[in-house]
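The structure appears below as structure tokens.
Every read-out reported here was derived from the displayed coordinates using simple, explicitly stated rules and does not represent laboratory data. Just so it is clear, the model here is predicted, and its values are computed rather than measured. Positions of Cβ are backbone-derived with ideal geometry, glycine not excepted, and every protein chain shown enters the neighbour counts.
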Amino acid sequence: MKKKNNMGFKDKILKYFSTNILFLLFVIISFLMSFIMKAVTIGFPIHFKSFLGDIAALLFIGSFSYLIKPKRRYIYFLPWMIFFVLLTIGNTIYYQFYQSFLSINLIATAAMVTDVKWAAYDKVKTWHFFYVFGLIIFIFINKYLKKRKYFDKFDNNENDKKSFTYTLLISIIMLIYLTFTVPSIDTIRLQKQWNREYIVQRYGLYLYHTNDIIQSIQPRLNEYHGYDEASLKFRNYYACKYERKKEANEYTDYFKGKNVLFIHAESIQNFLVDLKINGKYVTPNLNKLVHEGMYFSKFYPQISVGTSSDTEFTLNTGLLPSSSGTVFVNYYDRKYYSMPQYFHNMGYYTFSAHANYAEYWNRKVVHKVLGYQDFYSKEYYNVPEDTSDMEWVGLGLSDKSFFKQLTPIIKNIKESRSPFMGTVITLSNHSPFGDLTKYGEFEVTMDYEYINDDGKKESGVAPYLEGTTLGDYIRSAHYADEALGDFIELLKENNILENTVIILYGDHEARLPKNEFDLFFNYDPVTDSIKDINDPTYISMDNYNYDLLKNTPLVIWSNEEKYEKVVDYTMGMYDVLPTIANMFGFEEKYALGHDIFSSNEKIVIFPNGNVLTDKVYYSNLKDEYIVFENKIITSDYIDKIKEYSTEVLEVSNGIVTYNLIQNEEDKIGVCNYEKNY
């Protein structure tokens, strides 16, 4: 009797599989596409709940197919399959750029891709379209089943309603389980979407996108969704900030009354400083500024998906980028206090300059919001239409030509509208670093010596970085550095550097492949290969070291005074405004960073929830951290920085989302709790 029951159960299972082939194909292929996408982007481990989340979402979608006759289910499944193929391809390519995943709010920024299409094409590889094979398999199996008249057998299947109910119920039970087992910290992550990589890794691709849609439309459906909580946090945070007395330091009013010119150096990373290849410096002009000026060696941008525009926003306001979309496109119509406004209030003329279209990243509108009086964009320069022209490098007008044409404009400003505060945004060092014939001569091979079989010393040349993205980037950076040197000389020749301070910063990392840094640090020219991991000179390129390499240079330089100072404090982009405010003698109001010379604790909070201090680097994705050499932390140190980072991210996001400065500024009262930092 027992055997008969077992056989009956097996028969039911076999019957289910044989009568639900299309449904099962939909679930299995869609699940595998998500799994492969996660594997090639975030890698392993992928958590059990991620599998469960994907399956639950697919069962939920698939369950409704049982309400359709078997012959027509293919019409229901096919659009979903096409959508999932596009979703996985899009996320895979997008991850190559931003180490994050697509969001519905990014649709508003899609127009930005048209101006950087070559950078986008450079990232697209043939294997990105591997997911299409899943769709092809699905189509061919459906054709095969149709040819065999498979669907005719089940056209009036009375079990379809039961299958719908059971499948839907199972998916809902899975979703309820996931909901009730979400840790409180993950609830915040899901609501705020700060760390998309974490959500995909823990809860699956399809639940991530479902959650993203919910989080994106909720504020649109209800303008004041979460407003009360956000406004309370805003008022409390700044009430406490205002009660903390700002102490003067050795740099208070140091540059008061001087002109200031910010140089927004596209994709210049810090590892380039003093880097030599075959005895030749990659960035000799940047090195000169670094060694003569005030050099902040542990300076980190805090960008999200808005890259350069995020840097402009954070540097000028001291706030963090938006957790959804970009401020420049989605939240520009808010009240912000910003650096150009502060300088303008002191009687400065404020301007920005960039050789790209004024509409790109919505700069034409946002630069006025930030307080720039004039924006000298592409229309002010003679830009060649032929991209093969030597004055066209990368995505547009070469930096050398841009600086040459801009100098008379700045000279006129200095002579007629001083004091001035200006921001000059470079372009040539933008990815994909493909204009190799225009960068000039700079070898990225490696000269070396070796002992031949006869015991004699010989010289050789190894390929090293030839043919790599990193090698092309180094050549591009060398060109950008030459342009920088030309610009400094032009400023000198035109007496613009008199009573003028130069502040140069790298806007963000160049998004170079991690494996190429492994080659960069661990290359063996004799064998033309990467050193063994057990080699004592091997430098590990794990995720932590890779992230820590993303810092960029920040230099304050004057032709009239040599500072020759290295500031090795951990510092973020949101610290620039408070530091500059102290140096130039004005008071900022809402920056989330600190004057780097006054604050005791140095902390950088990244939009994805990661935190860097002078003691640790905490990964929000993995909920783990590394402690730096010779540093000691207490048991509650990590809890405090996690709590503080969450608070700062919520305050910043509240300002951006709900226009809290405009709506709540006059309601800030008395501090009623103690701040950790």
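Around Glu489, what is the net charge, scoring Lys/Arg as +1 and Asp/Glu as -1 over all other residues with Cβ under 14 Å from its Cβ?
Within the 14 Å Cβ shell, the charges total 0.
Taking 35 Å as R0, compute the FRET efficiency from the Cβ-Cβ separation of Ile141 and Ile214 and round it to 0.05.
Here the calculated transfer efficiency is 0.55.
If I take the Cα coordinates of the range 262-592 and project them onto the principal axes, what are the three extents in Å, biggest first?
Principal extents (Cα only, largest first): 75, 39, 39 Å.
Could you derive backbone 3J(HN,Hα) for the range 427-434 from the dihedral phi with the Karplus parameters 6.51, -1.76 and 1.60 (θ = phi - 60°), listing whole Hz in sequence and x where the residue is Gly or Pro?
3J(HN,Hα) across the range 427-434, in whole Hz: 9, 4, 8, 7, 4, x, 6, x.
Once the dipole of the chain is set up with Lys and Arg at +1 and Asp and Glu at -1 on Cβ about the Cα centre, which of Thr469, Ile13, Ser231 lies farthest towards its positive end?
Comparing the listed Cα positions along the dipole, Ile13 ranks first.
Highest mean first, what order results for 284-294, 476-486 on Cβ atoms within 10 Å?
Per-residue Cβ counts within 10 Å, averaged per peptide and sorted highest first, yield 476-486, 284-294.
Find, to one decimal place in angstroms, the Kirkwood hydrodynamic radius of the chain, where the mean of 1/r is taken over every pair of different Cα atoms and then inverted.
Radius from the Kirkwood sum: 27.8 Å.
Can you tally the net charge around Ile580? Count Lys and Arg as +1, Asp and Glu as -1, for every other residue whose Cβ sits under 10 Å from the Cβ of Ile580.
So the environment of Ile580 carries a net charge of -3.
Take Lys125 and Asn499, extend 7 Å from each Cα along the Cα→Cβ direction, and tell me the distance between the two endpoints in nm.
So the two model labels end up 5.6 nm from each other.
Find out how many positive minus negative residues lie around Phe351, taking Lys and Arg as positive, Asp and Glu as negative, among other residues whose Cβ is under 12 Å from that of Phe351.
Cβ neighbours under 12 Å give a net charge of +2.
With the contact rule set at Cα under 8 Å and sequence spacing of 6 or more, what percent relative contact order holds for the chain?
That works out to 19 percent.
In whole angstrom, how far apart do the alpha carbon centroids of the range 584-660 and the range 273-311 sit?
Using only Cα atoms, the two centres lie 22 Å from each other.
Which angle between 0 and 90 degrees, to the nearest 10, do you get for helix 637-658 versus the longest principal axis of the chain when only C-alpha atoms count?
90
Helix 469-493 versus the longest principal axis of the chain: what is the Cα-based angle in degrees, 0 to 90, to the nearest 10?
On a 0 to 90 degree scale, this one is about 30.
What does the extension gain come out to for Glu629 and Lys565, with contour length at 0.36 nm per residue minus their alpha carbon separation?
20.7 nm
Counting DSSP beta bridges in the chain, what percent are antiparallel, to the nearest 5?
That works out to approximately 50 percent antiparallel.
Starting with the highest mean, order 148-154, 316-322 by the number of other Cβ atoms within 10 Å, averaged over the residues of each peptide.
316-322, 148-154
For the range 555-654, what does the alpha-carbon gyration tensor say about shape, rounded, prolate or oblate, given a ≥ b ≥ c as the root eigenvalues, a/c under 1.5 as rounded, and a/b over b/c as prolate?
oblate
What is the distance in Å between the Cα centroid of the range 437-497 and that of the range 384-427?
If we compute the Cα centre of each part, the gap is 25 Å.
For every helix of n ≥ 4 consecutive DSSP H residues, a contribution of -39,500 (n - 2.57) applies; sum these over the chain, divide by its total residues, and give [θ] at 222 nm rounded to the nearest 500 deg cm²/dmol.
It comes out at -14500 deg cm²/dmol, rounded to the nearest 500.
Once both axes come from the Cα atoms, what is the angle between helix 21-41 and the longest principal axis of the chain, in degrees from 0 to 90, rounded to 10?
Compared with the principal axis, the helix lies near 20 degrees.
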